[in-house]
Amino acid sequence: MADQRNGNDQPSNGKVSGATNPYTIDLDKFTARLKSLYSHWNENKGDLWGSSDVLAIATPPPSDDLRYLKSSALNIWLLGYEFPETIMVFTKKQIHFLCSQKKASLLEVVKRSAREAVGVDVVMHVKAKSDDGSALMDAIFRAIHSQSNMEGDQSPLVGYIARETPEGKLLEMWADKLKSANFQLVDITSVLSDLFALKDREEIMCVKKAAYLSAHVMKKVVVPKLENVIDEEKKVTHSSLMDETEKAILEPTRAGVKLKAENIDICYPPIFQSGGEFDLRPSAASNDELLYYDSASVIICAIGSRYNSYCSNVARTFLIDATQLQSKAYEVLLKAHDTAISALKPGNRVSAAYQAALSVVEAEAPELAANLTKSAGTGIGLEFRESGLNLNAKNDRVLKAGMVFNVSLGFQNLQTETKNTKNRNFSLLLADTVVVSDEKTEVVTLASSKAVKDVAYSFNEDEEEEEEKPKAKAEANGNDAFLSKTTLRSDNHEISKEELRRQHQAELARQKNEETARRLAGGGTGTGDNRTAAKASTDVVAYKNVNDLPPPRDLMIQIDQKNEAVLLPIYGSMVPFHVATIRTVSSQQDTNRSCYIRIIFNVPGTPFNSPDANSLKFPGAIYLKEVSYRSKDPRHISEIVQLIKTLRRHFVARESERAERATLVTQERLQLAGNRFKPIRLPDLWIRPVFSGRGRKVPGTLEAHVNGFRYSTTRQDDRVDILFANIKHAFFQPAENEMITLVHFHLHNHIMVGNKKTKDIQFYVEVMDVVQTLGGGKRSAYDPDEIEEEQRERNRKNKINMDFQSFVNRVNDLWGQPQFSGLDLEFDQPLRELGFHGVPYKSSAFIVPTSTCLVELIETPFLVVTLSEIEIVNLERVGLGQKNFDMTIVFKDFKRDVLRIDSIPSTALDGIKEWLDTTDIKYYESRLNLQWRQILKTITDDPQNFIDEGGWEFLNLEATDSESENSEDSDKGYEPSDVEPESESEDDVSESESLVESAEEEEEDSEADSEEEKGKTWEELEREASNADREKGNESDSEEERKRRKVKAFGKSRAGPSSSVPKRAKLR
């Protein structure tokens, strides 16, 4: 963290330029801020800058200490990141840099921009490692004197940062030479704070990201941790809480924040205070004392985080069984804090914020005014405390849009009447990060609540009983009830985790039923069973007139590949048939060495045949169904069959691609980066789905341009454009237990990859080669070659992961620009610890949640489910001693088929329930699989009946079980028996199975029905034989049939809400 302590170790744009200098400077930002610096200097030279003719800024070497330096802040503000051991000298006509060769090569790019922006020349003074820099400093002094002599000034005024102690030999020598030279020195420390006070849009965005992290660490890490410690009465020190919170800041994913860890740092070590010892200064530290949370105790927590070196701060006070004085003091402080924030408006004086807070305290609790902090906070940005923007009663500066403040207000050294020294003294503190804008004052740490009900905890049973008394009694006593957060523990009413989850699910069920009722009442889903509409065939014409026919040859079957026609000799004439009219073609050889070719045509009205437009135009037409020819040349027959099949395959592929392209949504054109900026590149990638065509596959390069990505290979036709506006979700999955590292895009609308239409497109690299050892024997774990090979594989995997991470970070920076704010794009990373195994399609896969989706990105077809599109989740085959269960996902669009993930291990059940509950997704459980097509059709056919019967509550296993127990049928109970009931009819079987058949079985049945006119198939005959065996009671039943009967005997299927759906099967 040495680089991060002094400032940011990378530029804000993070552009990679090459091997020597991994970063480059954002020239647009440099130009704008250099203009701002010189403009501010010229306009305020006489008063704020102390009439300085020269500005000398010396940045010290990097340090592990957490500190804020004006020199480092100027580096980051102007150049994008810090330049340690670098001296910058600004004059009216030149800018001098004294630095190492590596830094000088990086700074070379600013020469042209500086000349164009403010008309100054940049002069580099490169210091060798063996050089002490003395001669280079003398050269800079001579240049200063030369310029001042030209302006008629013999003793120029040099502004420098007097409050920074020089560190290192270079800066110590510079300080000595600067004082001994013929210069007048002026301290410009305070004016730099004024320069940094007004933030541009990019700086405010960095502050907002830092504040977002601080607030979420407080909300999702600190508060749950404190509640757990207090609830379970653990002994935890302030310093251990500080360490855990600091780790959560530096690893944002712990708080559910998707920010890049390399851009994150702490503003100060998190502060935890309790037990009567409080220090409200920002320099306070967490001691090694135990957290004190007995009755009438106070806990203060303060967190500050940085993003790209821009600071944020949030502080909260938590009250445990608060006394009347503590309650009143907090309510007054809360009101004063909000009033101070409201006073931060453009045009007001800075002092107005503190005066407003003081007025509230004097009006509400004048006895507490003496204990109010002397300041309401400070400006915040690259420095945690911008001294020129102190929110005290004396600061008369005018507030402007773009200023950012840490509004920190508190009461210190208050006392309660108690003998316990641990809670006799207490203090209160509230702090928020606030952005001043023209429209409104924005509190960017608002995610962390400071409301009384969220920070006050009550554990005394007496107080709880008092809270349950009517409010009228409280008002009669003249005291308002002090609302507190829900009690965490009770000796008699311990609330388990499962009970809390059950209560939350009950609330989600209520909300979900209300939401579904509103959507159905508004006609949001429409009707339909989500069956794919039959594809209308277009008119196919081989020849427009007789003159286009090829010249007749012998009466032999001819193939016209140009016109996609087959010419058949019929009664002495060549009759053409378009290849689209041919259904199948086959050949057969008999014992007389004669060959037969059989051609079957598509005839309207036959099963499994798509409707033909010609059958509607010519309803009375007679169609040729089949034709056969005999030949004594088997080779000719084989060639004809092969040509017809090839021609038909090409035609079908072309028509399928044309039909798919016809459904594509028209998109804007990709705007290439050109000369505007260098595109962000990630080379040597493979793509899925792959391009069509034969030949060896070649890797390609993915580039990020102005409004989208382009993937291209060395082949001209292998190219795919993905527009940012078409990206619905973007994922980055580094290789851990997998063989590939990938980036994956899930799109709003389909695009074509080669001749395939897809909504999912993936780019990946294999991190290690699949190698099979041919030697046969095992190699020793201590074999040097084996160890070296494993190390090479680890290094390769780490390098690939880092390359992908760098690409993702830079694209995220690009997406963070204002023009893409409406797209809400950011790479999401799967949370492996929440993953589980299952079968979403045909093969088992490891399915992983992300913050917004449920994904499986390794096996094809890919699985991407948007959580916001999920209506409910039904966990099926739960219980009955099953080793696995199924998950059925029902979408808000009832026209869409449900998604079923099969064979999930039962060990993952609790984890999945917890994940669904935390993401506010309502789930149900059932013992058997349900027939969802019929259920959804019932809902869409009669939505009002679905709403009237309680919505999704028909899936509630506990409710349906209790209902069945109270019903007359259930009074009969279940009588165990080893003998199968003989009177069970086929109708009973079909009824009990009607809701537990899978969709595949339903499709098979429908296909079987449609085949009746063709005669019985082998499957039907086999099924009839099995039924006959079962009726006779043969013991030849398969094990699968026995298991199915056993499940039917013990299981209970469940139906939808409508009476049109078969009723729930009774226990037999």
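The values are calculated or read from the model by the stated rules, or taken from the named source; none is laboratory data. Being a predicted model, the structure only gives us computed values, none of them experimental. Using ideal geometry, Cβ is built from the backbone for each residue, glycine included, and neighbour counts are taken over all protein chains shown. We work out accessible area using only protein heavy atoms, side chains counted, and drop any ligands, DNA or RNA first. Shrake-Rupley method; radii C 1.70, N 1.55, O 1.52, S 1.80 Å.
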Query raised in the report: From the backbone phi of segment 130-142, what are the Karplus-calculated ³J(HN,Hα) couplings (6.51 cos²θ - 1.76 cosθ + 1.60, θ = phi - 60°) in whole Hz, Gly and Pro given as x?
Result: 7, 8, 8, x, 4, 5, 5, 5, 4, 5, 5, 4, 5
Report summary line: With a ≥ b ≥ c from the Cα gyration tensor eigenvalues, square-rooted, and the rule rounded for a/c under 1.5, otherwise prolate when a/b > b/c and oblate otherwise, segment 158-268 is prolate
Report summary line: So the FRET efficiency between residue 454 and residue 906, C-beta based with R0 = 35 Å and rounded to 0.05, is 0.40
Report task. Over segment 112-172, give the accessible area per residue in Å² for a 1.4 Å probe, as an integer. Result -> 56
Query raised in the report: Quick one: if the Förster radius is 30 Å, what FRET efficiency do residue 716 and residue 675 give, using the C-beta to C-beta distance and rounding to 0.05?
Result: 0.80
Query raised in the report: Past the 19 Å Cα-Cα mark, which pairs from 208/258; 345/400; 208/394; 129/169; 225/497?
Result: 208/394
Query raised in the report: Taking the Cβ of residue 174 as the center, what net charge do the other residues with Cβ under 14 Å away carry, scoring Lys and Arg +1 and Asp and Glu -1?
Result: -4
**Report entry** Sum of side-chain charges, residue 791 neighbourhood, beta-carbon under 12 Å (Lys, Arg +1; Asp, Glu -1)
**Finding:** -2
Query raised in the report: What distance in nm separates the simple spin-label points at residue 413 and residue 370, each placed 7 Å from Cα in the Cβ direction?
Result: 1.0
**Report entry** Long pairs among 842/892; 45/127; 562/756, criterion Cα-Cα beyond 29 Å
**Finding:** 45/127
Query raised in the report: How much net charge surrounds residue 240 when only the other residues with a Cβ under 12 Å from the Cβ of residue 240 are counted, with Lys and Arg +1 and Asp and Glu -1?
Result: -1
Query raised in the report: How far apart, in nm, are the 7 Å Cα→Cβ label points at residue 67 and residue 766?
Result: 5.3
**Report entry** Magnitude of the charge dipole, segment 27-196, Cβ model with Lys/Arg +1 and Asp/Glu -1, debye to 20
**Finding:** 440
Requested in this report: List every residue whose amide H lies under 5 Å from the amide H of residue 456, counting only residues 5 or more places away in sequence or on a different chain, with H placed 1.01 Å from N in the peptide plane.
Outcome: 319, 485
Query raised in the report: Once the piece of chain linking residue 420 and residue 752 is laid out straight, how much longer is it, given 0.36 nm per residue of separation minus the C-alpha distance between them?
Result: 112.1 nm
Query raised in the report: Could the peptides 285-293, 722-730 be put in order, highest first, of the mean number of other beta-carbon atoms found within 10 Å of their residues?
Result: 722-730, 285-293
Query raised in the report: Once you sort the root eigenvalues of the Cα gyration tensor of segment 27-196 as a ≥ b ≥ c, which label holds: rounded (a/c under 1.5), prolate (a/b larger than b/c) or oblate (the other case)?
Result: rounded
Report summary line: Note: residue 258 to residue 517 extended length (0.36 nm per residue) minus current alpha-carbon separation gives 89.8 nm
**Report entry** Highest-first arrangement of 317-323, 584-590, 415-421, where packing means the average Cβ count within 10 Å
**Finding:** 317-323, 584-590, 415-421
**Report entry** Per-peptide average of other Cβ atoms within 10 Å, ordering 139-146, 402-409 highest first
**Finding:** 402-409, 139-146
Report task. Mind checking segment 52-127 for GluC sites (Glu not before Pro) that DSSP puts in a loop (not H, G, I, E or B) and that have at most 15 other Cβ atoms within 10 Å? Result -> 108
Report task. Please turn the phi angles of segment 895-910 into ³J(HN,Hα) values with the Karplus equation 6.51 cos²θ - 1.76 cosθ + 1.60 (θ = phi - 60°), one per residue in order, whole Hz, x for glycine and proline. Result -> 6, 8, 4, 5, 9, 10, 10, 8, 6, 7, x, 5, 5, 8, 4, 5
Report task. Could I have the simple spin-label model distance between residue 1025 and residue 198, label points 7 Å from Cα toward Cβ, reported in nm to one decimal? Result -> 9.1
Query raised in the report: Within the accessible area of segment 155-271, what % is carbon and sulfur when the probe is 1.4 Å and the other protein chains stay in place?
Result: 50
**Report entry** Calculated FRET efficiency for the pair residue 638/residue 601, C-beta based, R₀ 22 Å, to 0.05
**Finding:** 0.60
Requested in this report: Calculate how large, on average over all directions, the projected area of the Cα convex hull of segment 201-457 is; give the answer in nm² to one decimal.
Outcome: 12.7
**Report entry** Computed lengthening from residue 387 to residue 654, 0.36 nm per intervening residue step minus Cα-Cα distance
**Finding:** 89.0 nm
Query - Candidate residues 715, 832: accessible-area rank, largest first, probe 1.4 Å - result: 715, 832
Requested in this report: For segment 832-956, compute Rh as the Kirkwood radius over C-alpha pairs and then the Stokes-Einstein diffusion coefficient at 4 °C and 1.567 mPa s; write the answer in µm²/s, rounded to an integer.
Outcome: 86
Requested in this report: When a/c is below 1.5 the answer is rounded, else prolate if a/b is larger than b/c, else oblate, so apply that to segment 796-847 with a ≥ b ≥ c taken from the square roots of the Cα gyration tensor eigenvalues.
Outcome: oblate
Query raised in the report: Ignoring ligands, DNA and RNA, what percent of the accessible area of segment 832-956 is carbon or sulfur (1.4 Å)?
Result: 49
